[in-house]
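Worksheet: the structure to be examined is printed underneath.
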Amino acid sequence: MHVLRKLAASLAAGQFYEAHEMFKTVYYRYRTRNQHEESYQLCQEGARLQLRQGQLNCGVELCMLLVEAYAADGAAPSEEAVARVAALIDAFPRQGRPPAEDPPVQECASFVSAAIKWLRGTGDWLHEAQLEGRLAAYVTASLGWQGLGFALPHYARAGDAAAMAAAVAAAAAEGSSEEEELFVARAALTMAAARPPPAAPASVARQQQLDAARHLLGGAYAAAAGHAPPDTPLLHFVSLFLEAMGRGSPDLAQLLQQRYQPSIERDPALWQLLDRCRSLHLPAAAGGGMGGMGGMLSDVLGMLAQPAG
């Protein structure tokens, strides 16, 4: 595309304002002529060039124009359309410009949020996880362990236990050994509490989140960290709580929370995650008994006999 070559040349020459004005002129010409594909390609390549040159505001504007054009055109979430969005997430700089500034993770998150709004407007839910996972990986690559709190919900909505476990293990390695269980507990509960997209089949999607949380608590974290998660009362609780969620037992969940309260209190933020898990996975009406726990109940009672602190 000739205009892209001219745009690249202008940017390379430091003519940033002129390049952006040229882009917008051509973009709106394409839109007026209903040349949709050309306008999409122009947005993608123009945004990539601007971001590569450190022109963050211009690059983000072009990213948003792409998603706005998709929504205005009623564009279907084809693999090609979603790939354009994913490629732009990957194009965001991993460090600030200038380097003393923070990487633009908030701007990238706003772009992904707009893209997900477009996806949901089409009734699509299959591609959300891909974009959420891309965003989580970008945050981790940009901020390291300091961005874990920002990244965790996005890893959870991606449903990627292995990627989340890798980020958590790297963060835990930066802290003290006593904190490792807190990293793992928060990650597993964040995964379980992630609400599926509105159009997703609810029961299947909820079960997938629980399965991912269990996988993170077990094999995924062990593979990422090179050792099993700590054998502590808090992580015993998380494992049992996830089982209670899967079996739809509010009574058992309450019993576990009461018994393991001293362990949970080590990180008060866990209470909010527990509430979100209960809201998502348990029946609205309490008093459902032990949810057909069967033989698991005796195992639980045996573990409850152990110290909980």
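Data table
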quantity: Residues located in the range 158-186, provided they are under 11 Å from residue 145 (Cα atoms) and not in a helix (DSSP H, G or I); calculated: 175
quantity: Hey, residue 35 polar (S, T, N, Q) and within 26 Å of residue 143 (Cα to Cα) or not; calculated: no
quantity: Qualifying residue in the range 54-69 (condition: modelled with pLDDT of 95 or more, surrounded by fewer than 17 Cβ atoms within 10 Å (Cβ to Cβ) and polar (S, T, N, Q)); calculated: no
quantity: Residue match in the range 271-294 (condition: at pLDDT below 95, surrounded by 13 or more Cβ atoms within 10 Å (Cβ to Cβ) and in a helix (DSSP H, G or I)); calculated: no
quantity: Pairs with Cβ under 9 Å, 6+ apart, first in the range 21-34 and over 11 Å from residue 3 (Cα atoms), second polar (S, T, N, Q) and surrounded by fewer than 17 Cβ atoms within 10 Å (Cβ to Cβ); calculated: 29/35
quantity: Selection within the range 155-198 - without any contact (Cβ under 8 Å) to a residue 40 or more places away in the chain and surrounded by 23 or more Cβ atoms within 10 Å (Cβ to Cβ); calculated: 155, 157, 158, 167, 183, 187, 191
quantity: Which numbered condition residue 101 fails, given (1) farther than 28 Å from residue 271 by Cβ; (2) in a helix (DSSP H, G or I); calculated: (2)
quantity: Failed item in (1) modelled with pLDDT under 95; (2) surrounded by 18 or more Cβ atoms within 10 Å (Cβ to Cβ), with residue 298 passing the rest; calculated: (2)
quantity: Residue list for the range 192-230, restricted to those being assigned to a loop (DSSP other than H, G, I, E, B), within 24 Å of residue 175 (Cα to Cα) and not small (Gly, Ala, Ser); calculated: 227, 229, 230
quantity: Options 108, 43; residue that is assigned to a helix (DSSP H, G or I) and farther than 14 Å from residue 134 by Cβ; calculated: 43
quantity: Any hit, the range 111-126, residues being assigned to a helix (DSSP H, G or I), under 21 Å from residue 224 (Cβ atoms) and touching a residue at least 12 places away in the same chain (Cβ under 8 Å); calculated: no
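The values are calculated or read from the model by the stated rules, or taken from the named source; none is laboratory data. None of these values were measured; they are calculated from a predicted model. Here Cβ is always computed from backbone atoms with ideal geometry, including for glycine, and neighbour counts include all displayed protein chains.
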